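Peer 1: Attaching a single structure in structure tokens format; questions to follow.
The values are calculated or read from the model by the stated rules, or taken from the named source; none is laboratory data. Please read all numbers here as calculations on a predicted model, not as lab measurements. All Cβ positions, even for glycine, are placed from backbone atoms using ideal geometry, and neighbour counts span all protein chains on display.
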Amino acid sequence: MMNTRILALFLLLPIGCSNPPTEPLYHIPKPDEGSVTLTVNVSGDPTLLQSLFSAHFNDLLWLNIQPNEPVQVPLKQGDYSVRLSPLSSREWCSALEPTSVSARVEAGKSQPVFFSVNCPALVGRATVRLAVEASGVNLPNEFQIRVTRVIGSRLSFVASVRRNDSTDVLVPVGAYHVSYESPSNCAPRSILDFLGFAVTPTYIVRADETARTKLTVICRAIP
């Protein structure tokens, strides 16, 4: 019996969340409150998005906004600057102007606000320039570097890059990760090595452009 009561109490406890929900649950409007109904219209291919949207309403930050789905944000009546947060530099998609508008919220009413984002089709080819800067001992003459597209159809290419030199790889457009393959006595040096993990940057490669990348590797003695 005691176990049943403990379980029931546990189920009634609220669960904390670091991000506000896209639509408030059980929200009861106050007399001096209205709302903004925000929609981020995404043209092209929304599946190419790598993250959800966020927006500022003056100093209030609203997270987890889905593409092409209206979200109602309760606000006290007054004037607001509504700003779509800048898209991450790792996004293939881009926001269209304007990304900031003014909205007047009136009690009991909802003010519609719209932003636009374009996710163009993955059409065309471009160049990824791979460079390797190596230090340490037993330095090889060449390194194997992998280039992987992380949006749309997954594509992967492996290229040989000479030490302290660069190699151009022609690839379909998109967002790419660049990772180290071999030799095994070398490893990429990350600015976060001291934390025990590495961050893989994302390179946006657009038609007829060249994305420049560089891996810094440290080589150790071969056992």
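Peer 1: State whether the residues of the stretch 201-213 include one that is closer than 30 Å to Pro46 by Cβ, at pLDDT below 90, exposed (fewer than 14 other Cβ atoms within 10 Å of the Cβ) and not small (Gly, Ala, Ser).
Peer 2: Yes.
Peer 1: Starting from the stretch 60-85, keep only residues that are of a type in the set (Lys, Arg), then list their pairs with residues that are assigned to a loop (DSSP other than H, G, I, E, B) whose Cβ atoms are within a distance under 8 Å, requiring at least 6 positions of separation or different chains.
Peer 2: That search, which allows pairs on different chains as well, returns Lys76/Lys30; Lys76/Asp32; Arg83/Thr99.
Peer 1: Let me confirm something: among Val105, Val113, Val132, which residue is closer than 30 Å to Val217 by Cα, more than 17 Å from the chain's Cα centre (by Cα), in contact (Cβ under 8 Å) with a residue 40 or more places away in the chain and surrounded by 15 or more Cβ atoms within 10 Å (Cβ to Cβ)?
Peer 2: Result: Val132 is the single residue among Val105, Val113, Val132 that is closer than 30 Å to Val217 by Cα, more than 17 Å from the chain's Cα centre (by Cα), in contact (Cβ under 8 Å) with a residue 40 or more places away in the chain and surrounded by 15 or more Cβ atoms within 10 Å (Cβ to Cβ).
Peer 1: Sticking with this one: The conditions are (1) over 23 Å from Val101 (Cβ atoms); (2) modelled with pLDDT under 50; (3) of a type in the set (Asp, Glu), and Glu23 fails exactly one of them. Which is it?
Peer 2: Condition (1) is where Glu23 drops out.
Peer 1: Then there is this: Any chance you could count how many residues in the stretch 45-69 are surrounded by fewer than 16 Cβ atoms within 10 Å (Cβ to Cβ) and under 22 Å from Tyr176 (Cβ atoms)?
Peer 2: Total satisfying the criteria: 5.
Peer 1: For the stretch 27-43, give me each residue that is surrounded by fewer than 16 Cβ atoms within 10 Å (Cβ to Cβ) and closer than 29 Å to Ile204 by Cβ.
Peer 2: Asn41, Ser43, listed by residue number.
Peer 1: Among Ser160, Ser116, which is the only one that is polar (S, T, N, Q), over 30 Å from Glu33 (Cα atoms) and modelled with pLDDT of 95 or more?
Peer 2: The match here is Ser160.
Peer 1: Determine the pairs where a residue that is among the polar types (S, T, N, Q), located within the stretch 21-48, has a partner that is modelled with pLDDT under 70 with Cβ atoms under 8 Å apart, the partner being 6 or more residues away or on another chain.
Peer 2: Correct list of pairs: Ser35/Pro29.
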